[in-house]
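One structure below.
The values are calculated or read from the model by the stated rules, or taken from the named source; none is laboratory data. As the structure is a prediction and not an experimental result, all values here were calculated from the model. Every residue, glycine as well, gets a Cβ built from its backbone with ideal geometry; the counts of neighbours run over all protein chains shown.
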Amino acid sequence: MSRRSKRKRQRFIVIIVALLLILFLLIFKTINGNTKNNPDTSTTLPNDNKEPIEEVKDNEIKEIKISPDIYTASTGETIDLSNFKIEAVYKSGKTEEINENISFITNGNILKNENDKIIVSDNALTADSGILSISYEGVTSDITIKIFNTLQDNINEEGMVTNESAYDMVVNKSRNLSSSYVPEDLVPLDGIPTTLQNPEVNQLRKVAYEALKELFLKAKEEKSFELYARSGYRSYNTQADLYNSYVSNHGQEAADKFSAKPGQSEHQTGLAMDITCEAMNFLLDDTFFDTEEGKWVAENAHRFGFIIRYPKGKEDITGYQYEPWHLRYVGETIATEIYENQLTLEEYFEQ
Ligand SMILES: [Zn+2]
């Protein structure tokens with residue numbers, strides 16, 4: 001081979017090698033560039049002009065789901081969190097039941113936290129409610145605790161009522177008050193027209209007194225009716241004297257239809273009041289309902305927290321004849337439900 005052709009061949013090899021090198025570099029650059037443009041398709045779009053998609057954090061909690069979210073408890077009950085199914089709902093859509101690291105806050109006066117136990121206050125009444133807040137990892141949800149006591153919750157084996165001072169307590173022919181029970185907050189009926197001289201019966205518990213005063217005031221304002229209080233609080237002994245005199249005059253069977261035995265009278269609670277008006281000659285009988293005053297009272301007493309305790313047609317349930325004049329304070333919530341559904345107090349608690 002000539003020297004000339006040898007050089008030619010060497011130059012050809014150099015060119016080929018150089019071309020291969022350039023080609024290799026180009027391929028490498030292309031692959032590398034593509035990879036750089038798409039480092040993570042889940043976070044950035046291939047086109048740089050578009051906004052980045054928000055990152056989905058699978059482990060972030062969206063809400064705490066609790067079932068049931070309304071729970072009925074009775075006065076004094078200890079509420080166990082195991083009564084509830086508590087779930088964390090994550091932003092990813094995943095749901096997980098949680099049993100640990102749950103904290104709670106009791107709001108208001110109805111629920112208390114006693115040594116990390118959730119307790120319904122002894123002062124809670126049926127129709128009260130409280131909010132229990134449940135937290136897990138900083139996310140909170142609420143449970144509504146509704147208070148409802150059955151009649152059986154508040155009576156002992158001897159037939160004695162165990163919630164004597166509760167505004168929603170029930171006394172009747174099978175539920176007795178103790179002979180020593182005297183309400184602690186009796187007040188005289190200042191500013192209310194009365195018909196009897198005995199100062200004992202011209203008393204009510206404070207809340208019932210204020211409600212009655214308001215009822216009498218509104219009767220006057222709205223209808224110019226003049227209502228009178230006749231008989232409110234009666235002690236155990238006063239009721240015993242009254243009952244015994246009825247028995248001697250009418251016999252026990254008759255007396256039991258219109259008078260309570262001592263310990264079974266609503267008047268001992270300080271929450272009951274017999275009312276009358278001039279058209280009734282300030283006396284009590286069932287013609288009170290035929291008076292304009294009596295009709296207005298029947299339709300409006302609930303607005304002030306009172307019920308007609310012994311309604312017509314419910315004698316078998318209450319054990320007493322119809323008494324349109326006998327008002328019993330139970331608070332506006334219960335009174336309104338009883339009025340709207342035409343219930344007796346006994347029926348209300350047995351719903
Ligand atoms: Zn009465």
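Just a few scattered comments:
- Test: residue in the stretch 172-192 that is in the same structural domain as residue 319 (by TED's automatic domain parsing), over 30 Å from residue 277 (Cα atoms), over 17 Å from the mean Cα position of the chain (by Cα) and not in a loop (DSSP other than H, G, I, E, B): yes
- Considering the stretch 308-331, and only residues there that are surrounded by fewer than 16 Cβ atoms within 10 Å (Cβ to Cβ) and part of a helix (DSSP H, G or I), the residue that is nearest to the ligand (Cβ to nearest atom) turns out to be 315.
- Residue in the stretch 168-190 that is in contact with a strand residue (DSSP E or B) (Cβ under 9 Å, 6 or more places away or on another chain) and of a type in the set (Gly, Ala, Ser) present: yes
Yes or no, residue by residue, for (1) small (Gly, Ala, Ser); (2) in contact (Cβ under 8 Å) with a residue 12 or more places away in the chain; (3) not in a strand (DSSP E or B):
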site: 58; (1), (2), (3): no, yes, yes
site: 75; (1), (2), (3): no, yes, yes
site: 92; (1), (2), (3): yes, yes, yes
site: 109; (1), (2), (3): no, yes, yes
site: 132; (1), (2), (3): no, yes, no
site: 135; (1), (2), (3): yes, yes, no
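- Residue 346 away from the ligand (no atom under 16 Å from the Cβ), surrounded by fewer than 20 Cβ atoms within 10 Å (Cβ to Cβ), under 30 Å from the mean Cα position of the chain (by Cα) and within 20 Å of residue 216 (Cα to Cα): no
- Taking the criterion of being over 15 Å from residue 270 (Cα atoms) and more than 32 Å from the chain's Cα centre (by Cα), the residues of the stretch 199-221 that qualify are 220, 221.
- The set of residues in the stretch 247-290 that are among the hydroxyl-bearing types (Ser, Thr, Tyr) and surrounded by fewer than 18 Cβ atoms within 10 Å (Cβ to Cβ) comprises 248, 287.
- Residue in the stretch 139-146 that is touching a residue at least 40 places away in the same chain (Cβ under 8 Å) and assigned to a loop (DSSP other than H, G, I, E, B) present: no
- Residue 130 among the small types (Gly, Ala, Ser), over 19 Å from the mean Cα position of the chain (by Cα) and outside the structural domain of residue 238 (by TED's automatic domain parsing): no
- Qualifying residue in the stretch 239-246 (condition: closer than 19 Å to residue 327 by Cβ and either in the same structural domain as residue 215 (by TED's automatic domain parsing) or surrounded by 14 or more Cβ atoms within 10 Å (Cβ to Cβ) (or both)): yes
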